[in-house]
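What follows is a short report on a single structure.
The values are calculated or read from the model by the stated rules, or taken from the named source; none is laboratory data. This one's a predicted model, so the numbers in the text were calculated from it and none came from an experiment. As a convention, Cβ positions derive from the backbone with ideal geometry for all residues, glycine included, and neighbour counts pool all protein chains shown. Heads up: the accessible areas ignore ligands, DNA and RNA and are worked out on the full protein's heavy atoms, side chains in. Shrake-Rupley method; radii C 1.70, N 1.55, O 1.52, S 1.80 Å.
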Amino acid sequence: MTGHSRRLFFQAGAVAAAGVLGALVPALPANTPGSSFILLRRRWLEVTAGSGLDARVEPYRTRLAVLGAKAARHRDAMVLGEGSVWGDLPFPSFMATPARLQQMARAFVLPGTGVTGDARLGEAVAAGVDHYRRQVYAAGADPVGNWWHWEIGVPKRLLDAAVLVGDHFGERRSAKLRDAVDYFVPERRLGSYRGNSTGANRVDLCLVMLLRAMLRADPEKADLAVAALSPVFPYVEEGDGFYRDGSFIQHTFIPYQGAYGSSLLNGIATIFAVLRGSPWEITDENIFETVDRSFAPFIHNGFCMDLVRGRGINRRPFGDHQRGREIAASILLLGEAAEPAVRSRWQGMVKGWAQRNTHEPMLKAAERDDLGFHARLAAVLDDDAIAAVDEPVGHRLLPMSARAVHRRAGWCAGLSMASDRVGHYEHGNGENLRGWHTGSGMLYWWAAGHGDQYSDSFWPTVDPYRLPGTTVSTRRLPDGAGGGWGDTCPPGRWVGGATDGLYATVGQHLNGLESTMEAFKSWFFLDDAVVCLGAGITSEDGVPVETIVDNRRTDALLISHEKWAHLDGHAGYVFPPGIKTLRERRTAGLVARDYVTLWLDHGTDPSSAGYFYVLLPGATQAETRARAEDAAWVNVLANTARQQAVRIPSLGITAANFWRDGAAGPLIASAPCAVLAREHSDGTATVTVSDPRRDLSGLTVTWRRATTGILRDHPLVTGVRTGSELTLTFGRLADRHGASITVTIS
């Protein structure tokens, strides 16, 4: 990249951010190298340490005083001999010591800590960073263990602390730390976009490089830090990164908006804010689009759904709420660089999340974790001109990551599947060793007041063979079964479905993890229900195969009848006779939680077994009974290993998953595909089609319904025949990557 083109990349389309940062940082008359880095360091302090805080009022007065008291204690307890800086931390304490030094540096720069600008504290931080650099992070040292500590975790914290204490660090210490960072993070690390230098890791490496530039006022390193971000923004079609359907993948196989994606969004938002007004100012429209396309679909009432949190689901209780806060914080910060209309809309969205999150209130938790976010969020909540945005109504299907999210007033559902490109689960670093079946069609759902259903010690206590919605072989698996780091992809290609944005038909050709089990699973997402079908369930594992209708963390009363069941305060279920139920208390260490489980037993080594049931989230007992007695509400048109299809007369919906070509009720398809046909009250209708296998060069779909013409078609529609029935011919659907096409007819 030439200097001229690089500068265009830095500044083209840059938007001046408004808000906290703009108010605090005055414009500089000229961008000399010195003034540019003075600006960057100031912005770094405001964005990362916290800004907009009035240290004289609560909660900031108390929180800042506590931070200062801790910093003073750490300062007084330092011993800079051999080994650890502090006696209560083991040596070399890869992350704990740098994190403590970083915390002390923030106490040094923030107002109201009681040690703000304290020379002894500033010198203690500088000496501690230098000591750690000499003892552990010295150029030439052997980077044992996890590469991330050496290239991202440790240098980011050490550089942060050094930049914040400024002149206390001094030229000699700066030069030595520079040499150490250059040794572990050489420029060539950012030369190619592959391996561990992609997605969130690439953004973190660029942050390290930017801090390295600030430490020594090095414009060439700043150039490199910003230029190396460029591969993060474009949409990808394979591997790590953002996809046009909203998917975000890290570690090649795992949907990760709620961990690596959250870190990436935070890093980008930070970089945008820090570089605003500098010679390296940067913006990119794609990253703004990802807020609505990739992150917001997986935030529900302020928490981030576990189906995009990878191996981190079992790290701590309410980790989903923590990730939701982190994403909300990044959205508010990134909004300062967005167009005013976008910024306002995002503020309303975050305000709605914060107001509805009652299980771990967002503002109260921010007071504990992130005072900068607390200040931004408090300003939004206090601004009557910003209207809180309700949860949206609609369906989001992300076929490239085998995920789906369905929302209606009062409830929400999320579906987690596995495919030939998306792993059953990820384990690594000893984490998530029993997440084996989270990709086997796990159906998460939340009704009103259920925001803690999967948050409050669900993962350590739930039976890992009985996750809701899944079909599994009960064959016992070892901890960490399958390849590490998400390399657990089954061979099935037909995973995805068709959606018109409001309703959806979704399917999964499921192959069990380290199992002979095979199944064809379909979900039809409607206004007050999810209709669930299974067919072709076959196994030779020598053990029973089960489909888990639900497994709720609750001690609520379960009323079960021959064709329906109702779980008080949760949901209703409609099913054929034969469902099994279990109430149990499960423990993990000192934690105990109650569960109610409903499942279907397909027997040992089933051959072409199947199932049908209806989930009614939030339904009352009377509503459940009425639905069970209404035999005409749903017609199952097909439930085989060739096709699965239903008709819902009251909604005018006929939907089918064609595992193979053939007919399902009034729908006929020439090849495997998903079809959602919907008749509207004004006499028009829509036909939505997709190619979940991503391999069709052509497709013909017939709907035995009288039609007179096409009101809106699609460029891939190559032929239309109307009359007593409708026949649509499509061109190369494979290039759509599983995305849906909708045609409107009269």
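Quick notes on this structure:
- Note on region 526-669: dipole from Cβ charges, positive end direction compared against PHE575, VAL531, PRO544; the farthest Cα belongs to VAL531.
- Each Lys and Arg contributes +1 and each Asp and Glu -1, all at the Cβ; summed about the Cα centre of region 318-381, the dipole is approximately 200 debye.
- With N the number of residues in region 252-340, Rg(Cα) / (2.2 N^0.38 Å) evaluates to 1.12.
- Alpha-carbon Rg/Rh ratio, for region 478-598, with Rh computed the Kirkwood way: 1.00
- Student exercise, region 268-391 dipole from Lys, Arg, Asp, Glu Cβ charges, in Debye to nearest 20: 500
- The residue list SER247, SER455, GLY145 was ranked by how far each Cα lies along the charge dipole of the chain toward its positive end, using unit charges on Cβ atoms, and GLY145 comes out on top.
- Taken per residue, the accessible surface of the chain reaches 36 Å², heavy atoms only and a 1.4 Å probe.
- Look at the dipole of the chain built from charges on Cβ: of ASN357, LEU590, VAL163, the Cα furthest out on the positive end belongs to VAL163.
- For region 367-485, with all protein chains in place and a probe radius of 1.4 Å, 48% of the accessible heavy-atom surface sits on carbon or sulfur.
- Annotation: extensible slack from GLU679 through THR252 equals 149.7 nm (criterion: 0.36 nm per residue apart, minus Cα-Cα distance).
- Full-extension gain in nm, LEU711 to ALA592, via 0.36 nm per residue minus C-alpha separation: 37.1 nm
- Proximal lysines to LYS156, defined as alpha-carbon separation beneath 29 angstrom and excluding residues fewer than eight positions away on the same chain: LYS70, LYS176, LYS221, LYS364
- P(r) histogram, all alpha-carbon pairs of region 37-158 included - 10 Å bins from 0, percent: 13, 40, 33, 13, 1
- Ratio Rg/Rh, restricted to region 171-220 and using Cα atoms, in which Rh is the Kirkwood radius: 1.00
- Shown here: Cα Rg over 2.2 N^0.38 Å, derived from the displayed model; of the candidates (i) 0.98; (ii) 1.02; (iii) 1.23, it corresponds to (ii).
- Taking a ≥ b ≥ c as the square roots of the eigenvalues of the Cα gyration tensor, region 550-653 is classed as oblate, since a/c reaches at least 1.5 and a/b does not exceed b/c.
- Each part reduced to its alpha carbon centroid, region 652-704 and region 178-245 end up 44 Å apart.
- Residue-wise HN-Hα coupling along region 203-216, computed from phi with Karplus coefficients 6.51, -1.76, 1.60 (Hz; x: Gly, Pro): 4, 5, 5, 5, 4, 4, 5, 5, 4, 4, 5, 5, 4, 10
- Whole-percent pair-distance distribution, where bins are 10 Å wide, for the alpha carbons of region 127-245: 13, 44, 29, 10, 3
- Unit charges on C-beta of K, R, D, E only; dipole of region 70-228, Debye: 200
- Using just its DSSP H runs of length 4 or more, each adding -39500 (n - 2.57), the chain gives a mean residue ellipticity at 222 nm of -9000 deg cm²/dmol after division by all residues.
- Region 491-626 - percent of accessible surface contributed by carbon and sulfur, probe 1.4 Å: 49
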